[in-house]
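Worksheet: the structure to be examined is printed underneath.
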Amino acid sequence: MSVTRIDDSGDFERALSVGRPPNIVQLFPNSKALLVSGKIIDRAMLTKGDAISIAANGRSQFVIRGALRAAQKANSVLIIEIAKSEGGTNAYCATNYWNMARMVDAICNELKITVPVALHADHYGIKSEMDVAAAKIEIPTVFEAGLTSIAIDASHLPDDENLLANLELQDVIPPWAGLETEVGEIKGKSGLSTTQEALFLIQGLNAHGIFPDWIALNNGTTHGIEASGQGIQVELTAGIHEALAPYHISGAQHGTSGNNSDRLREIANKTKTTKANVATALQMISWGLEVNDYGNAIVNEDGGFIKLGNEGTTDQNWAKMVEYASKQGWSGGNYKKLNLPFENVLLAQPLKIRERMVRRVEDFVYNMLVSVFNASDTAPIALNHILEAQSHDLGPKATQIEDTNNWTKEQIIERAKSIESDKGPEGDFDD
């Protein structure tokens, strides 16, 4: 029996009329793009079971186009995201918090994309009280610009300050928006998250009526192109997720690029993860670099990347990119900084070249959605959630079970003193 595709019935039009958040309706009143809250993506994955949505990091238009085409082909929901370091006020990508929604909406309409897509502000980093004050001004602007989900990342701070920062910022986040919180930065084998830390953060939020959709951990993985160390620790992740079960929170997996497909399937099958960030892999694939089966860039004996002929950008443009990086002193993961200075150069290439860059991303994301993350045919499930609720807002998964009176500011500070944790070195806010 074939699975219903959402463009085969009137369900898409009905979902379009009620499922788009108010900021999206205001910005794009005549759009046919089903841009939705991150909550809807999470619910679709939970309903299917053992399924994870790719959160494709939209560092370039090539990545965004390829990921959207793959999701449509797989009949899957999708998250497009950009992190604060990549797309904030000090961006190193042309895609940013304030233009991403317009870019995605335009491409969805152009390509007739009908699967639900969420727009996520990833790793909104908070490292000080000054950052909290600035965030109160800036966060409303990213929702005014059309984003539908956010990750508050104060995990660099001590546990009490992390919780207090999350509490202080809730008033500037729309209640309908997808919400991710973080208890551990991405640091590889250093500073692994603990059950005690995770419970402290989620219980404290619960006590104040805040119910995040996702929690991100440091569960042993790395960002970028690194493939050393143990990688994602599945048992650690599953144990923390199980301890958090009463609070009905899903997992967000960061740093997937350094982990093979088998380990990523294990994350889908054994944990409560419903969101997985994929960033560096998509960037390298679009450029035409040689990668392994899970997108990790392969380097030669000299530590340089291997450019494939007739794949990605032209050899001439790649040579310019390598020369530019060399002059800047960039190597390895710092090639990410090439995105901003070369976006327009790559867009100025002939259609045939642009298409092969997009197609390479499409093929990779499609395989991940269908063969690794079990996300195929989740688009109709998401539509059903919208139509059953007759709303863009599905509400929280959890209810308040902690007593607010036990989680005052003073008590939070005192409780945190008993937490044994190793924050490790300062982490990486990129993917």
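Where a number appears in this text, it was derived from the coordinates with a stated rule and is not lab data. Keep in mind it's a predicted model, so treat the numbers as computed, not measured. Cβ sites come from the backbone with ideal geometry, for glycine too, and all protein chains shown count toward neighbours.
At a glance:
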item: Percent RCO, i.e. relative contact order, over the chain, from Cα pairs under 8 Å lying at least 6 residues apart; result: 25 percent
item: The chain, helix-only ellipticity at 222 nm - DSSP H runs n ≥ 4, -39,500 (n - 2.57), divided by all residues, nearest 500; result: -13000 deg cm²/dmol
item: All aspartates and glutamates inside 13 Å of LYS270 as judged from Cα atoms, apart from same-chain residues fewer than 8 positions distant; result: ASP50, GLU235, GLU242, ASP262
item: Pairwise FRET efficiency - ASN30 versus GLU129, Cβ, R0 = 30 Å, nearest 0.05; result: 0.10
item: Within-11-Å neighbourhood charge of ASN317 [Cβ basis; K, R +1; D, E -1]; result: 0
item: Formal net charge of residues neighbouring ILE381 (Cβ-Cβ distance under 9 Å; K, R +1; D, E -1); result: +1
item: Residue with peak Gaussian network fluctuation, the chain [Cα springs, cutoff 10 Å], from HIS385, HIS120, HIS254; result: HIS385
item: From phi via Karplus (6.51, -1.76, 1.60), per-residue ³J(HN,Hα) for region 366-383 in Hz, x at Gly/Pro; result: 4, 4, 5, 4, 8, 9, 10, 9, 6, 9, 4, 6, 8, 4, x, 5, 4, 4
item: Too-long pairs where the Cα-Cα distance tops 22 Å, listed order kept, from LYS84/LYS307; LYS127/LYS409; LYS272/LYS409; result: LYS84/LYS307; LYS272/LYS409
item: Distance violations [Cα-Cα > 20 Å] among LYS32/LYS397; LYS327/LYS352; LYS39/LYS397; result: LYS32/LYS397; LYS327/LYS352
item: The chain: C-alpha gyration tensor shape, a/c 1.5 cut-off, then a/b vs b/c; result: oblate
item: Unit charges at the beta carbon, dipole of the chain: most positive-side option, PHE200, ASN90, GLN61; result: GLN61
